[in-house]
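The values are calculated or read from the model by the stated rules, or taken from the named source; none is laboratory data. In this text the structure is predicted, and so the values were computed from the model without any measurement. Quick reminder, even Gly has a Cβ in these numbers, built from the backbone with ideal geometry, and neighbours come from all protein chains shown.
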Amino acid sequence: MEVKRNSLIFLWVMLIISAIIINKLIIGVVLAIVGICVSVHIMLLKTKKRLIFKGLIF
């Protein structure tokens, strides 16, 4: 779950920076739509469960 959270944070930080740099409304709207779609995709991915074997975590 930590990887998903970090991926979403990185995605939105980069999208916001891009929107600020470009500074056009239509590009900001497109980036927001892309961000929403990618966020939904990331959240729908199955999270790999950790395997604990004799005290080791994989």
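The table that follows gives values for the structure above.
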{"read-out": "Selection status of Gly35, at pLDDT below 95 and not aliphatic (A, V, I, L, M)", "value": "no"}
{"read-out": "Among (1) over 16 Å from the mean Cα position of the chain (by Cα); (2) part of a helix (DSSP H, G or I); (3) modelled with pLDDT under 95, the one test that Arg50 misses", "value": "(2)"}
{"read-out": "Close pairs from the stretch 1-20: first in contact (Cβ under 8 Å) with a residue 60 or more places away in the chain, partner surrounded by fewer than 15 Cβ atoms within 10 Å (Cβ to Cβ) and part of a helix (DSSP H, G or I), Cβ under 8 Å, at least 6 apart", "value": "none"}
